[in-house]
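Scroll down for the structure; my scribbles are underneath it.
The values are calculated or read from the model by the stated rules, or taken from the named source; none is laboratory data. Just so it is clear, the model here is predicted, and its values are computed rather than measured. Ideal geometry is used to build each Cβ from the backbone, glycine not excepted, and the neighbour counts take in all protein chains shown.
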Amino acid sequence: MRPLRIGLAMLLLALPLAIVACAQAAGDDDGAAEPSLRTLSEADAVGELAERDGDVEIIDVRTPAEHARGALDGATLIDIQSPDFRERVDQLDRDGSYFLYCRSGNRSGQAAQIMADMGFTDLTNIGGYEALAASGAATDR
């Protein structure tokens, strides 16, 4: 009789845990993909940019003055400090692949997080412009 009570007690303790685990596994899946936020070193980013030629959109989140001094080839300027940053980003395809950079990697990391919060799913912070250029990234200079 005692083993039956222990087994029943264990079952009663485990049941709520199983229910919670199943509920979390099912989640509130509305079909949205989980965001992918990656950070690459500048050297790795240069290699991946070459491999994915044209398959990824490059976004420069620096100021227009910084951008004017040099930018990666094909980069779109969307200044994270601009009041219309979210508005401009909102016009992009949320399922596209985006590589973001700034001067050092800080602002591009912040921009990637904002975009992930907005529902973008494939985001990569590739660091700073000067280090990217020094690593061999194609630039407009």
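Quick check on my filter: what residues within segment 98-141 are part of a helix (DSSP H, G or I), hydroxyl-bearing (S, T, Y) and within 15 Å of G70 (Cα to Cα)?
Our first condition is that a residue be part of a helix (DSSP H, G or I); within segment 98-141, this holds for 106-117, 129-134.
Now restrict to residues that are hydroxyl-bearing (S, T, Y): 108, 129.
Correct list: Y129 only.
Please determine, by comparing only the residues of segment 29-60 that are in a loop (DSSP other than H, G, I, E, B) and over 15 Å from the mean Cα position of the chain (by Cα), which one is modelled with the lowest pLDDT.
Looking at the filtered set, the residue picked out is D29.
Can L92 be described as touching a His at 6+ places or on another chain (Cβ under 8 Å) and among the hydrophobic types (A, V, I, L, M, F, W, C)?
Numbers: touching a His at 6+ places or on another chain (Cβ under 8 Å): no; among the hydrophobic types (A, V, I, L, M, F, W, C): yes.
Against the criterion (touching a His at 6+ places or on another chain (Cβ under 8 Å) and among the hydrophobic types (A, V, I, L, M, F, W, C)), L92 does not qualify.
Limited to segment 61-97, what total is found for residues that are of a type in the set (A, V, I, L, M), in contact with a helix residue (DSSP H, G or I) (Cβ under 9 Å, 6 or more places away or on another chain) and not in a strand (DSSP E or B)?
Residues that pass the stated criteria total 7.
Given the options T63, T121, T139, T76, name the one that is polar (S, T, N, Q) and under 13 Å from the mean Cα position of the chain (by Cα).
After ruling out the rest, the residue left standing is T121.
If you go through segment 92-114 one residue at a time, how many are more than 10 Å from V61 (Cβ to Cβ), touching a residue at least 24 places away in the same chain (Cβ under 8 Å) and not polar (S, T, N, Q)?
7
Every residue in segment 71-86 that is closer than 17 Å to R107 by Cα and either at pLDDT below 95 or not β-branched (V, I, T) (or both), please.
A71, L72, A75, L77, D79, Q81, S82, P83, D84, F85, R86, listed by residue number.
Just need a number here: residues in segment 36-91 that are small (G, A, S) and touching a residue at least 12 places away in the same chain (Cβ under 8 Å).
Summing the residues that are small (G, A, S) and touching a residue at least 12 places away in the same chain (Cβ under 8 Å) in segment 36-91 gives 8.
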